[in-house]
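Novice: Have a look at the structure that comes next, please.
The values are calculated or read from the model by the stated rules, or taken from the named source; none is laboratory data. Predicted model only: the values in this text are computed from it and were never measured. Don't worry about glycine lacking a Cβ; one is built from the backbone with ideal geometry, like all the others, and counts go over all protein chains shown. Areas reflect the complete protein model, heavy atoms only, side chains present, ligands, DNA and RNA absent. Shrake-Rupley method; radii C 1.70, N 1.55, O 1.52, S 1.80 Å.
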Amino acid sequence: VQLQASGGGLVQAGGSLRLSCAASGTIFSINRMGWYRQAPGKQRELVAVITSGGTDYADSVKGRFTISRDGAKNTVILQMNSLKPEDTAVYYCNADFYTPLGRNDYWGQGTLVTVSS
């Protein structure tokens with residue numbers, strides 16, 4: 001199973017970006033998909049997560065970011081609006097799947113989001 005993230009880039013403060021992460025391979029079921037980010041010199045932090053029970057967001061992005069899933073495509077989307085310079089970070093897709101190898105945690109490659117002031 002692989003996670004392929006896309007959609008990062010450079011945007012001005014107040015702008016929007018849409019991150020996408022597609023899972024490929026044999027997946028029996030999805031427990032959780034989400035996004036983390038890591039800014040320079042900081043620890044990786046949870047941004048948003050989506051499960052069958054709903055969604056959860058970091059306080060710093062509530063009301064600005066929206067996470068959603070396209071179940072048919074095993075894809076998770078992060079719509080980021082009203083971006084701030086402090087949102088600048090490498091964003092990582094994460095997922096918890098059941099596969100033929102059992103239940104495992106997977107990470108995609110990072111995608112850089114840069115918000116200029």
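Novice: Working only within the stretch 91-117, note down all residues that are surrounded by fewer than 17 Cβ atoms within 10 Å (Cβ to Cβ), out of contact with any helix residue (DSSP H, G or I) (no Cβ under 8 Å at 6 or more places or on another chain) and either at pLDDT 95 or above or within 19 Å of Thr26 (Cβ to Cβ) (or both).
Specialist: Asp96, Tyr98, Thr99, Pro100, Leu101, Gly102, Arg103, Asn104, Asp105, Trp107, Leu112, Thr114
Novice: Next up: Could you list, in sequence order, the residues of the stretch 1-40 that are part of a strand (DSSP E or B), of a type outside the set (A, V, I, L, M, F, W, C) and within 20 Å of Ser68 (Cβ to Cβ)? I'd like the intermediate steps shown before the answer.
Specialist: We begin by selecting, within the stretch 1-40, every residue part of a strand (DSSP E or B); these are 2-6, 9-12, 17-24, 29-38.
Then drop every residue that is not of a type outside the set (A, V, I, L, M, F, W, C), which leaves 2, 4, 6, 9, 12, 18, 20, 24, 29, 31-32, 34, 36-38.
Passing the criteria: Gln4, Ser6, Gly9, Arg18, Ser20, Ser24, Ser29, Asn31, Arg32, Gly34, Tyr36, Arg37.
Novice: Being open to solvent by less than 50 Å² (accessible area, probe 1.4 Å) and not in a loop (DSSP other than H, G, I, E, B) is the filter here, so list the residues in the stretch 69-90 that pass it.
Specialist: Gly71, Thr75, Val76, Ile77, Leu78, Met80, Asp87, Ala89, Val90
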